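Q: For reference, the structure I am asking about is given below.
The values are calculated or read from the model by the stated rules, or taken from the named source; none is laboratory data. Note that the coordinates shown come from a computational prediction; the quantities given were computed from them, not determined experimentally. Ideal geometry is used to build each Cβ from the backbone, glycine not excepted, and the neighbour counts take in all protein chains shown. Only protein heavy atoms, including side chains, enter the accessible area calculation; ligands, DNA and RNA are left aside. Shrake-Rupley method; radii C 1.70, N 1.55, O 1.52, S 1.80 Å.
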Amino acid sequence: MSLILNSVISLGAMGLLFGSGLAYASKKFAVEVDPRVEAINEALPGANCGGCGYPGCGGLSNAIVAGEAPVNGCPVGGAETTAKIAEIMGQTAQEGEKTVAKVICNGTCNNAKEKSEYYGINDCRAAALVSGGSKSCQYGCLGLGTCVNVCQFGAITIKDGIANIDKDKCVSCGKCLEVCPKSVIDWVPYSQEVVVECNSEEFGKDVKSKCAVGCIGCGMCAKACPFGAITMEGKLAKIDYTKCTQCMVCTAKCPTKAISGELSKRKKAVIEEDKCVGCTICAKKCPVEAIEGELKQKHSVIEDKCIGCGECAKKCPKDAIKMK
Amino acid sequence: MEIFLILVSSILVNNFVLSRFLGICPFLGVSKKVETAVGMGMAVTFVMTLASMITYFVQYYVLEPLGIQFLQTIAFILVIASLVQFVEMVIQKMSPTLYQALGVFLPLITTNCAVLGVAIINIDSNYNLIQTIVNGMGAAIGFTLAIVLFAGIRERLELADVPESFKGFPIALITASLMAIAFLGFTGLV
């Protein structure tokens, strides 16, 4: 009995002694940590996904306080987290548009021809080692779901043999871009509908023989684009998203339907008559001459001609044009 | 004379890292830069010397009079853990850069077998207080010597043309084993 008592009391006393010593030391050697670090750490999602480029949420919060990272440094948290952090840092949230990952390939089972059957490990990286995968196009999505497995946020699904990314679920962590052996995933602004969904750098003839929707590098989109947003890089059309107004002229022109965008969803300019003063600025700015009207008279939009680029709405001094 | 022999023995002959293979974790983890290796060595030296002393008192003035020697391990861990906490606070206050560089390895001294090892070896060898402190300090100096030498070699290894598959830890482990063989040469010195 006394053995147990001795053990408990002696160890307890030692614990108490060392504990109080440490308590004293912690007061004596207290280091002032910036309270904002703690607060930002609280506000961050705590997933430690590394999407921000720092080892974890703790690293990012330190960097934000040190001024090395922007308040919107966390791609996962979204606007809410950014707002909270900005408040802690005493700034107003400057929120840029989110950039999301997108699969730049439309080579579904129907569109892209298979060149062989693959019976290996169900992983794109393994399949890519076997003479570049089973698809006849060596640039396309293999659709075995390596990106699906690496996505922590459940944003990727495999449909019709290619990967699809749900842009609402995508948090821009970039893990799928890293893991894709074909580098067929790219960054695209969230609202961007018009995207060249092809990654093939082969000659048009070869592309055509392998995939029904590949970019054959004909350059028709580049010529058709009223805003000069499309350039031909090698044998592939490239859209400059900062210049693109999503007018979908290229989508309509593309002979192989390699550029995405739904024409039916395209917006139209609508002039609010009570605000229009008839200055004709919009008519001058319209790249397709879809606005008619005399000086000092109410203008109107010719619906069939309007491509919904929004240039007129941007330039109207009276805010009389709405995109609907 | 005997004290000198204990010191030489614990630093060179029975080097904790290279002969007894204790404390390998910080030895491999914090040996990328000489600077942090020195810092780690200092921290371990402080903890080891003090732990040797305090565990001596705990053993002979608490555990043995009460006849509860079986609690040796747990009591010693209590001492070491408290000391490590203390060291952590001091380093955070004195040198935040070193604190950053040591990272997770600082709290890991708590579970460092080398510290517990030296405390138990002291008791097993029936050392008196002076011998205990000398042995503890010697072991810590031996650890520091090994880790600093190793860090120096690894800094050079960074620049060496190491085959791809040996880069990083493989070559570090091979280096460590070669160092251990070199230290084997001290056998029989004491």
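Q: Which FRET efficiency value, to the nearest 0.05, is calculated for B:V90 and B:S165 with the Förster distance at 41 angstrom and r the Cβ-Cβ distance?
A: The pair B:V90/B:S165 has a calculated efficiency of 0.50.
Q: For the range B:1-124, how big is the tail of P(r) above 23 Å, as a whole percent of Cα pairs?
A: In whole percent, the share of Cα-Cα pairs in the range B:1-124 beyond 23 Å is 34.
Q: Here's a follow-up. So if I restrict to the alpha-carbon atoms in the protein assembly as shown, what is the Rg, and what is Dmax, the biggest pairwise distance, in Å?
A: 34.7, 112
Q: Using per-residue counts of other Cβ atoms within 10 Å, averaged over each peptide, order B:45-54, A:232-241 from highest down.
A: Put in order of decreasing packing, that is B:45-54, A:232-241.
Q: Please turn the phi angles of the range A:33-47 into ³J(HN,Hα) values with the Karplus equation 6.51 cos²θ - 1.76 cosθ + 1.60 (θ = phi - 60°), one per residue in order, whole Hz, x for glycine and proline.
A: My calculation for the range A:33-47 gives 9, 4, x, 5, 4, 4, 5, 5, 4, 5, 6, 6, x, x, 7 Hz in order.
Q: Just to be sure I understand the model, the point goes 7 Å from the Cα along the line to the Cβ. What's the resulting B:E2 to A:E42 distance in nm?
A: If labels sit at B:E2 and A:E42, their model points lie 6.0 nm apart.
Q: From other protein chains only, count the Cβ atoms within 10 Å of every residue's Cβ in A:2-14, then give the mean.
A: Counting other chains' Cβ atoms within 10 Å and averaging over A:2-14 gives 4.
Q: Then there's this: In whole angstrom, and with the biggest value first, how far do the Cα coordinates of the range A:28-164 range along each principal axis?
A: Extents along the principal axes, in whole Å: 70, 34, 21.
Q: Shifting gears a bit: Express the accessible area of the protein assembly as shown per residue in Å², computed with a 1.4 Å probe while the remaining protein chains stay in the model.
A: 52 Å²
Q: Further question: At 7 Å along the Cα-to-beta-carbon direction for both A:S191 and A:A66, put a label point, then send me their distance in nm to one decimal.
A: My value for the distance between the label points is 3.6 nm.
Q: For a quick protection proxy, order the peptides B:94-103, A:209-218 by their average other-Cβ count within 10 Å, most packed first.
A: Averaged packing, sorted descending, gives the order A:209-218, B:94-103.
Q: So who's got an amide H within less than 5 Å of the one on A:I185, skipping anything under 5 residues away but keeping other chains? H placed 1.01 Å off N, in plane.
A: Amide H neighbours of A:I185: A:I104.
Q: On to the next question. From the phi of every residue in the range A:162-171, what ³J(HN,Hα) in whole Hz does the Karplus formula 6.51 cos²θ - 1.76 cosθ + 1.60 yield, where θ is phi - 60° and glycine or proline is x?
A: The phi angles translate into 9, 7, 10, 10, 7, 5, 6, 8, 5, 10 Hz.
Q: Need one value for B:92-102: mean number of C-beta atoms belonging to other chains within 10 Å of its residues' C-beta atoms.
A: Going residue by residue through B:92-102 and averaging, the value is 1.
Q: Mind checking the full-extension length gain between A:M232 and A:C109? Use 0.36 nm per residue of separation minus the Cα-Cα distance, one decimal, nm.
A: 41.6 nm
Q: Follow-up. What whole-number distance in Å separates the alpha-carbon centres of the range A:275-324 and the range A:32-70?
A: That distance is 47 Å.
Q: Would you mind telling me which residue in A:G143, A:G59, A:G219 has the biggest mean-square fluctuation in a Gaussian network model of chain A, where springs connect alpha carbons within a distance under 10 angstrom?
A: Largest GNM mean-square fluctuation: A:G59.
Q: Among residues other than A:E114 whose Cβ falls under 11 Å from its Cβ, what is the net charge (Lys/Arg +1, Asp/Glu -1)?
A: Summing Lys/Arg as +1 and Asp/Glu as -1 gives +3.
Q: Take chain A, connect every pair of alpha-carbon atoms lying under 10 Å apart with a spring to form a Gaussian network, then pick out the residue of A:K113, A:K135, A:K284 with the largest mean-square fluctuation.
A: Comparing A:K113, A:K135, A:K284 in the GNM, the peak value goes to A:K284.
Q: For peptide B:161-169, how many partner chain Cβ atoms fall within 10 Å of a residue's Cβ, on average?
A: 0
Q: A further question on this structure: List every residue whose amide H lies under 5 Å from the amide H of A:A163, counting only residues 5 or more places away in sequence or on a different chain, with H placed 1.01 Å from N in the peptide plane.
A: For A:A163, the qualifying residues are A:G143.
Q: To the nearest 10 degrees, how steeply does helix A:78-89 sit against the main Cα axis of chain A, on a 0 to 90 scale?
A: 50 degrees
Q: In degrees between 0 and 90, to the nearest 10, how far off the longest principal axis of chain B does helix B:169-184 point, with axes built from Cα atoms?
A: 60 degrees
Q: Still on this structure, I have one more. Express the carbon and sulfur contribution to the solvent-accessible surface of chain A as a percent, rounded to the nearest whole number, probe 1.4 angstrom.
A: 53 percent
Q: Here is a follow-up. Compute the FRET efficiency between B:Y61 and B:A180 as 1/(1 + (r/R0)^6), taking r as their Cβ-Cβ distance and R0 = 60 Å, and round to the nearest 0.05.
A: Efficiency, rounded to the nearest 0.05: 0.95.
Q: Please go through the range A:20-124 and write out the GluC sites (Glu not before Pro) that DSSP classes as loop and that have at most 10 other C-beta atoms within 10 Å.
A: Loop-located and lightly packed - A:E32, A:E97, A:E117.
Q: Could you tell me the distance between the Cα centroids of the range A:185-264 and the range A:1-26, to the nearest Å?
A: 74 Å
Q: Still on this structure, please answer the following. Hey, can you grab everything whose amide H is under 5 Å from the amide H of A:I230? Only 5+ residues off in sequence or another chain; H modelled, so Pro and N-termini drop out.
A: The answer is A:D240.
Q: Could I ask something else about it? At a Förster radius of 30 Å, what calculated FRET efficiency corresponds to the Cβ-Cβ distance of A:K318 and A:K243, to the nearest 0.05?
A: Working from the Cβ atoms, E equals 0.70.
Q: Convert each backbone phi in the range B:78-94 into a coupling constant with the Karplus relation 6.51 cos²θ - 1.76 cosθ + 1.60 (shift: θ = phi - 60°), then list the ³J(HN,Hα) values in order as whole Hz, x for Gly and Pro.
A: Once θ is set to phi - 60°, the couplings for the range B:78-94 become 4, 4, 5, 4, 4, 4, 5, 4, 5, 4, 4, 4, 5, 5, 4, 6, 7 Hz.
Q: I would also like to ask the following. Per DSSP H run of n ≥ 4, the term is -39500 (n - 2.57); total these for the protein assembly as shown, divide by its residue number, and report the mean residue ellipticity at 222 nm rounded to 500 deg cm²/dmol.
A: -13500 deg cm²/dmol
Q: How would you order A:250-263, B:121-134 from highest to lowest mean count of nearby Cβ atoms within 10 Å?
A: Final packing ranking: A:250-263, B:121-134.
Q: Further question on the same structure: With everything on Cα atoms, drop me the angle between helix B:113-124 and the longest principal axis of chain B, reported from 0 to 90° to the nearest 10.
A: Roughly 40 degrees between the two axes.
Q: Given points 7 Å out from each Cα along the Cα-Cβ axis, report the B:K33 to A:A30 separation in nanometres with one decimal.
A: 3.0 nm
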